[in-house]
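Chemist: If you scroll down you'll find the structure; I have some questions about it.
The values are calculated or read from the model by the stated rules, or taken from the named source; none is laboratory data. Remember, predicted model here, so these are calculated numbers, not experimental data. Cβ sites come from the backbone with ideal geometry, for glycine too, and all protein chains shown count toward neighbours. Surface accessibility is based on the protein's heavy atoms, side chains included, excluding ligands, DNA and RNA. Shrake-Rupley method; radii C 1.70, N 1.55, O 1.52, S 1.80 Å.
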Amino acid sequence: MTYCLGMLLDEGLILMADTRTNAGVDNFSMYKKLHLLADGPDRTIYACTAGNLSVSQTALSVINEGLCQGPPGDDERCDTLDDVPSMFRAAQLMGEAMQIATRQVSQALAGMNVPVGASTLLGGRVGDAPPELFLIYEAGNFIQCKPESPFFQIGETKYGRPILDRELRPPTPLAEALKYGFLSFDAAMASNLGVARPIDLMVMPTDRSRPILTRRIERRDPYFDALSEQWGEALREASKQITNPPFMG
């Protein structure tokens, strides 16, 4: 299990991913799930992955090597994220990579009753376009993030969703949105051992004069520790201020 979150706002794009993987209640390990897939003068593309680790790793290897068409040789043409004209085409390529990876791993694990589902958040920008965000499913189909619902989640989504539904809107400033993202992860970690720090994050402002921020929130991070403690205390105090049910006497 894992938790990844993407938020697409007027001010830019935020991607966040924890680093915990598990193969049972007593077999936890750490694996980076926020990946830089393309970085050039005219493009920056990141991906967050959740689900079966074999599928995720295979899909990333396929997309990095390129998806080739035609017979091997001089006539073979390979598409990579370094060449795509748009984020939409990048999502299509990532979808094809997910299809290939799911098919290969499914064949290898046939009859072993091992789930092979995986999904990906693909975010970034190409050319002069603003940042975009896509959710790509294991079948290779995908949807694009729109203002009506300015965030996507994959992995362990249910515990961290309420704060996002209540507070996150397209005009939300990046700093405030990142705070909501931390609160979302804090809720997920409080209720599920399969989600844990370190948390990797990337902030891509729409304003190209502002640099892209990348950071890892370690197991002991002063800001996150304080945020978690303050949020818990604020919830306890707010609960005390709410009137008890009148039918309880």
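Per-residue answers, yes or no, for (1) in a strand (DSSP E or B); (2) modelled with pLDDT of 85 or more:
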residue: 71; (1), (2): no, no
residue: 82; (1), (2): no, yes
residue: 91; (1), (2): no, yes
residue: 98; (1), (2): no, yes
residue: 102; (1), (2): no, yes
residue: 115; (1), (2): no, no
residue: 122; (1), (2): yes, yes
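Chemist: Between 60, 13, 34, which is buried (at least 18 other Cβ atoms within 10 Å of the Cβ) and either in contact with an Asp or Glu (Cβ under 6 Å, 6 or more places away or on another chain) or under 16 Å from residue 156 (Cβ atoms) (or both)?
Modeler: 34
Chemist: Mind checking whether some residue in the stretch 114-135 is more than 21 Å from the chain's Cα centre (by Cα), open to solvent by 50 Å² or more (accessible area, probe 1.4 Å) and over 23 Å from residue 18 (Cα atoms)?
Modeler: yes
Chemist: Right, something else. Going by the conditions given, is residue 138 modelled with pLDDT of 95 or more, open to solvent by 70 Å² or more (accessible area, probe 1.4 Å), among the acidic types (Asp, Glu) and farther than 21 Å from residue 13 by Cα?
Modeler: In short, no.
Chemist: In addition: Name the pairs whose Cβ atoms lie under 6 Å apart, with the first residue in the stretch 158-172 and touching a residue at least 12 places away in the same chain (Cβ under 8 Å), the second open to solvent by 80 Å² or more (accessible area, probe 1.4 Å) and part of a loop (DSSP other than H, G, I, E, B), and 6 or more positions between them or separate chains?
Modeler: As it stands, the answer is 170/10; 170/147; 171/10, since those pairs meet every condition given.
Chemist: Now a separate question. Could you grab me the full set of residues in the stretch 176-217 that are open to solvent by 20 Å² or more (accessible area, probe 1.4 Å) and over 16 Å from residue 4 (Cα atoms)?
Modeler: Those that are open to solvent by 20 Å² or more (accessible area, probe 1.4 Å) and over 16 Å from residue 4 (Cα atoms): 176, 206, 207, 208, 209, 210, 211, 212, 213.
Chemist: So if I check each of 46, 31, which one is modelled with pLDDT under 95, closer than 30 Å to residue 183 by Cα and in contact with a strand residue (DSSP E or B) (Cβ under 7 Å, 6 or more places away or on another chain)?
Modeler: 31
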